[in-house]
Each structure stands twice: as structure tokens, then as C-alpha cells.
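The values are calculated or read from the model by the stated rules, or taken from the named source; none is laboratory data. Just so you know, these numbers come straight off a predicted model, no measurement behind them. Please note: Cβ atoms are built from the backbone with ideal geometry, for glycine as well, and neighbour counts cover all protein chains shown. Heavy atoms of the whole protein, side chains included, go into the accessibility calculation; ligands, DNA and RNA do not. Shrake-Rupley method; radii C 1.70, N 1.55, O 1.52, S 1.80 Å.
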Amino acid sequence: DAPILLRVAAAELLDAHKDLHPPVIFGLARECETVNIIAPPKLGKSWVGLHLVFAVATGDDFLGFTTKQGRCLILDNELHGATLSNETRSRRRSLDSPNSSIRKPRNTQTTRTRGTFVSLGVLWLILQ
């Protein structure tokens, strides 16, 4: 079945969405938004992504932007568990954050989809 796309009149859109979602990274990203980190291979995308996760998890600044402390999910589609653990440990040490809230299971979680064939729709349902 083809996905159903709904058209909405601009007036309805304006009436339905009067306010922006609350910011998570002030001046950069809000709740319900997607942040894309795009760069050529081996340029540090994973490092920037983990830095972002640690900043939000601890409430620390991210590249000079204030963050709202909150829960984080690291969704990885390429690494084995041991590799992801090593990368996370290494990045955490390099940031040398005095705040240890990254270790709280309810604050930061990981899931790996390597080797699975899960659609974004199914993944969304699983993560709810």
C-alpha cells in the first residue's frame, strides 16, 4: 500500500500550530525536530553526535549552545555493541564532563539496528 499524504489548507496549518516546540539546543534544535550531521567519511560525525548526546544528557553546552537537560537515545545502525561501547567511553573521556548523569540508564539509552530490517515506522512504534 502507498503511504497516504494529507493536504492541509495553509489557514488550518496556522490555526493548528500556533507555537513552536520547546528548544532542546537553544538556537539550534527543538523537540520533535531532526538534527542531521552531514560530512564526508571519517570527519568526526560520530564524535559530534556523541558530544551532542552527552551535552543534552548532562545539561552542558553543545558547541557554545545552551541545552535543556533531558533523556537521550543513541540509535546506531553500523557498530557492534563492543565497538559502540568503546566509542562511547572514548568520547566521554575526551569531553571530560564532570557531570556523571550520562551513566543513568533512564537518561541515556542505546539501541543498535545493525543487521535488522526495521522500517522507520516500526522503529517509531518500538521506541514509544
Count of the range 1-51 residues which are open to solvent by 90 Å² or more (accessible area, probe 1.4 Å), over 15 Å from the mean Cα position of the chain (by Cα), modelled with pLDDT under 90 and over 22 Å from Glu87 (Cβ atoms): 5
Total residues in the range 62-80, condition of a type outside the set (S, T, N, Q), open to solvent by 30 Å² or more (accessible area, probe 1.4 Å) and under 17 Å from Thr108 (Cα atoms): 4
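Give the range 1-45 a look and list any residue that's assigned to a loop (DSSP other than H, G, I, E, B) and of a type in the set (Val, Ile, Thr), or say none. Walk me through how you get there before you give the answer.
Here is the first cut: in the range 1-45, the ones assigned to a loop (DSSP other than H, G, I, E, B) are 1-9, 17-22, 26-28, 31-44.
Matches in the range 1-45: Ile4, Val8, Thr34, Val35, Ile37, Ile38.
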